[in-house]
Structure formats: structure tokens, C-alpha cells
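Derivation of every value follows stated rules applied to the coordinates shown; laboratory data play no part. Predicted model, so just to flag it, every value in this text is computed and none were measured. Glycine also receives a Cβ, built like all others from the backbone with ideal geometry; neighbour counts cover every protein chain displayed.
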Amino acid sequence: MSNSSVVQTESESIQSRDSEKNSNDVEEVTYNIDNTYNQGYSYVILLSVFLISFCSWGNNASFSIYLAHYTKYDTYDGGSKLGYAALGGLSVGVGFMLSPIINIVIGKIGIIGILWVGNILQTLGLVLTSISSHHQIWQLYVCQGILQSIGLACLGLPSFTILPHWFRNDEKRKFLSTAQGIFMSATGFGGLTYVLGMQKVIEIDGVRWGLRAQAIINFGLLSVAILLMKVKSAQKVKKSSQLINMDILKSSSFYLSLLYICSGIFGYCVCLYSMDSYVISMGYSDNQGSIASAILLVGTALGRPAMGYICDQIGPINTSIICYIITIIFIYGMWIPARSYATILVLCFILGFLIGTVLITMVVVQLRLLGGQLQRLNTFFSMTLFPFGMVAIVATLIAFSATKDHASPTQFLYCIVIIGCMFIISIIDLIILRGYIISKDQLVGDAELEQDEYLKTSVPIKLWVKNIFTLRHNKRL
């Protein structure tokens, strides 16, 4: 049977498919969709999630200065380079492994409720770390690791999926990915603020006061952000708060998006957390290490809105592929032979501009894989974040295990090679995912589908393989 026959047959079956509801599905709730997009209060919501990202992901991005301090001065009894690296993974990973459960809690107490929980947990983590005993390293893992991580997840999970309810790409304006880019640029601005500000506080008053100052700033700004937050009725549907959705779990698109996100996050986390220590291993000072991390975050802050805008013009998948190809060129062509401090600073800015593309595009890509069904987005995203959390935990451990024991210009060589390999895996997966979406668009055509019909549509392997090599498509990818 020819490819065109396959497409025609599948399209006809989709259009004629019975629209009976699955009796085993989660109870539907009647709701009125607010059709206000790209205007009015949408921009207040953008400011709110920007502040949330500033104080959550930005707070987490500043962990590199604490990691460098703990490692250099052996702050806690029984601490080791690998142990402190594990703390970096815990501060991201544990909470996101609990994301499916957090998604259920959101269904009980609402998005604003879970944001307050995240604010309190993150503040508690910083304050308790500042009074923890240097003779009890487990206190560091519980406070700056687990509490911080759960707080980050409670803030991060809902904030990632809020913007698609307020912004969208239509014929008049394409702004969704740009809004996601502005939202995630706060990671860079927040990280930059905390890295430079807290480094100065640590130098003058010590690491304990650095943690306390960060806790006070975080709590104040997050409180303002949460008070500004408003939830659309479409986000209150019970369907959006499932633990696991079997239709999503059975879909090939789930595993393709999972590999692309996990490989991209692996490279991003290792690069972000290791840069400070890498610069110090080259023989430079703590202050120079924090400046390098700050430059990387400047690149992040400036790059994400730009990447978001490009995504709106040529598509998130195309943008990600191009960005990661350029990233690999700079990793292997510039980072490995880098010896001078000036070269490292230029490299930090370029990497900061490019490596976080996955954080901008992953929600937009998942919404595309759902056929634009917002009611399933929270569940799809939270199911992805469980392995996301596992990767975040092991990424820094694997990378630091691959470093050489003695400080030298080549101490982080194997670590750099691993980062490059992760982005290569991400590129290959994105190319395959692109072919999958093109195939599904051909099968579905302009048919008006019932809930989850786009997700359930199977793609013949022959058509899929053919479309991997398709360069042009009538929809942005």
C-alpha cells in the first residue's frame, strides 16, 4: 500500500471515529473557557511567572557558588566532591520525581495553593541550611537538598504550564514561545543576581548569612508573584490533575519527548553546576569562578527571549536542533582547548545563550503532541518530570565522577565530552520527533478531533521514516 493510501485510510478512520466517552476516564467538569489571549491580564501573569522563575530556578542556578565553597573549604565533616555534587542533583531531582503526586495535590488545593507551599518549603530549606551543624552533613542534604527540591517542584510544575492558557500563536500574533522565553529568562536574571550578590555576602559575612539573605529576598518576591497570579477556569478541570494517563503512557510521542528533555536537561545541569568549579580547576580564583558563572547566566537571561521569538517564527523543534548543533560545535571546538580566562568568559556567554533551549520549548512541544489539548498538559508534563528528576540527580554525579583527581586544565575533559554527547542524543531524538509530528499531521489533516483523538492516532513506521527526511512542512515545527 502506498504512503498516500495509508494517509487517506487513516484520515477517513479518524473523521468517522465514534465520539463516545471512555467510562473509565476521570470525571469531566463543565467549565467556561476564558478566550482572552495575548492581551490584558495575560501580561500580569507573565510578570508573575517571571518572578516565580526568578526566585525558584534563579535560586537553584546560584547553587554553583555554594558548591564551589563547600568543595574548596570542606565545610561539612564527611563531605566530598562527589557528595556535594550529589547535593546539586538532589536540589533539583527529588521534587520533580514527586511531580505526579504534586499534580494530584494541585487538583485538591489549586495552583495558587501549591505555589504558597513551594514558597514556604523553599524559604524553610534556605533558613534551616543556614543554621545546620557543620558536623551533621545529613542536615545539609535534607535542607538544601530535599526541602529546596520539593519547593522548586511545587513552584516549577504549575508555572511551566500556566502561560499556554494565556498566550497562543494565531494568525494575528505568534507569542507563546516568546512568552515562555521571557519567563525562563528569569532563571538567568535570578541566578545572576544571586550569584554576584550572595558571593559578596559570603565574602563579607560568611555562607550562613548568604543563605539567610537569599531566603528573605525569595520569600518577599514570591509572595508578590503569587498575589498577582490568577487561574483560568480551564486549568481547574479535574482531568488536568491525573497521576498517570494511560493514553499518554501508550503514545510514542511521550517517550520521544522524554528522551529529548532528559538528554537536554542532563547537559544543561552539568554545564550550569560545573562551570564555577571548572574555572577554579584552571587555577583561577573563587571570584573569577563566580564571574564566569554570572556570564553564563547573562547569556541565559538574554538568550531565552531571543530563542523564544525564533521558536515562534520557525518552530520549537527546528530551533532546538539548530541551537544544539551550534552548541556542540562550541563545546568540542572551543571549550576543550580553552586555556585563557577571556576565552572561557566568551564561551560561558555563548553556552548560556543556547543550552537552556529545552526549558523554553518542552511545554510548547508537548502541547503540540497533544494536538493543542490544554486539559491534558499538566498530566503530560508531570509524567515527564519524574524521569527529569532522576536525570537531574545522576547528571552531576556522573559528570563529577568523570573528572580527574588533580587540578589541571584537563581535569574536566571527560565531563565536557559527556555534555557534548548528551546534546548529540537530543539532536537525533528531535529529528525523529519532527518526522513523527509531520506524519501525524498528514494523517489527521484538517479533521476536527474529539478529546485525545490526536494523541491516540498511530503513525505507520514507513510513513514516519519517510518524514524524518522531510525538510519542509506547512506548519511550524
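Numbers for the structure displayed
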read-out: Distance cut-off 14 Å, percentage of C-alpha pairs in segment 331-387 lying past it; value: 66 percent
read-out: Cross-link table Lys108/Lys250; Lys250/Lys440; Lys232/Lys440; Lys250/Lys462; Lys108/Lys230, entries beyond 22 Å C-alpha to C-alpha; value: Lys108/Lys250; Lys232/Lys440
read-out: Average projected area [Cα convex hull, segment 183-336], square nanometres; value: 12.8 nm²
read-out: Evaluated over segment 89-238, the Cα radius of gyration and Dmax, each in Å; value: 17.1, 61
read-out: Estimated vicinal HN-Hα couplings, Hz - segment 44-50 in sequence order (Karplus 6.51, -1.76, 1.60; Gly, Pro = x); value: 5, 4, 4, 4, 4, 6, 4
read-out: Gained length - Tyr73 relative to Val224, 0.36 nm times residue gap less alpha-carbon distance; value: 50.7 nm
read-out: Debye, to nearest 20: dipole size of segment 49-202, +1 on Lys, Arg Cβ, -1 on Asp, Glu Cβ; value: 340 debye
read-out: Rough spin-label spacing in nm, given labels placed 7 Å along Cα→Cβ, for Lys250 and Ser458; value: 1.0 nm
read-out: Tail fraction, Cα-Cα pairs, segment 288-376, threshold 20 Å, whole percent; value: 42 percent
read-out: Pair-distance profile P(r), taking every C-alpha pair of segment 30-172, with 10 angstrom steps and integer %; value: 11, 36, 28, 16, 7, 2, 0
read-out: Shape category assigned to segment 81-154 from the gyration tensor of Cα positions, a/c cut at 1.5; value: oblate
